[in-house]
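Undergrad: Here you go, one structure.
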Amino acid sequence: MISYMDFTSPSVQYFYDLSQNQFFKKDRRNYINSLSVNQLNTLGNVSLLDIYLSKSNVVEPHTHQNASELVYCISGAAVVSLINPFTKKLVNIPITPGQVANVPQGWWHYEIATVDNTHLLAVFDAPVPEFIPGSDLLRLTPADILAHTYCLDEAKVEETLAPITETVVIGPPCNCNNVQNGNENCAPTQQNNQGQCNTYGYTKIQQQPPQVIGNGWQYPTR
């Protein structure tokens with residue numbers, strides 16, 4: 001039960017079409033629709049991502065610091081990978097239709113499709129989950145800090161990370177020429193000024209601190 005909801009209000013919502021709220025689109029076969037309490041106001045502590053991937057595409061490494069994630073495979077196949085922060089081990093969990101993988105709150109993880117036409121449903125125990133993508137941690141941390149902290153060659157760090165100019169979400173990016181698969185069907189319907197695929201609002205974080213994105217998914221402020 002949602003204590004703050006007035007179920008006598010004419011604004012009460014019981015239905016929503018996920019196709020009306022696209023969180024991210026790389027191309028016609030790799031995209032994510034989302035649903036949170038901002039779209040369906042009768043939701044409690046639950047929300048979801050509707051994920052479509054072709055073979056070798058990856059929902060980039062990321063964390064949800066305010067929610068656990070249950071990944072259910074509807075069709076196709078994928079590997080859900082997570083790092084156990086207590087054992088310091090990488091855990092790889094293959095899932096096929098009807099199977100689930102659970103990612104505890106705040107754990108570093110990613111999903112990769114192992115066949116075409118993979119469809120995943122990610123369910124969260126939060127009304128508006130927060131999302132911290134690895135691409136932002138890499139591109140926004142100064143190269144000299146990474147080099148100094150981990151005893152690396154600063155020039156090489158800067159050169160290696162230079163192509164990451166925006167949030168990736170689904171990788172590899174459409175303009176990546178260094179991959180043998182994953183981009184065969186990459187045909188974005190819209191491109192931004194950097195020549196990468198349409199990121200539906202994420203490019204704005206280059207000019208201003210991240211804010212709550214209009215589609216209901218919360219991007220942490222700095």
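Undergrad: Go through the stretch 48-86 and count every residue that is within 24 Å of Asn21 (Cα to Cα), more than 18 Å from the chain's Cα centre (by Cα) and part of a loop (DSSP other than H, G, I, E, B).
TA: 1
Undergrad: So in the stretch 1-32, with the set limited to residues that are among the basic types (Lys, Arg) and surrounded by 16 or more Cβ atoms within 10 Å (Cβ to Cβ), which one is farthest from the chain's Cα centre (by Cα)?
TA: Checking each candidate, the answer is Arg29.
Undergrad: Determine which member of the set Leu53, Leu48, Leu35, Leu40 is farther than 26 Å from Trp108 by Cα and either in the same structural domain as Thr96 (by TED's automatic domain parsing) or surrounded by 20 or more Cβ atoms within 10 Å (Cβ to Cβ) (or both).
TA: Leu40
The values are calculated or read from the model by the stated rules, or taken from the named source; none is laboratory data. Computed from a predicted structure; not experimentally measured. FYI the Cβ positions are ideal-geometry reconstructions off the backbone, even for glycines, and counts take in every protein chain you see.
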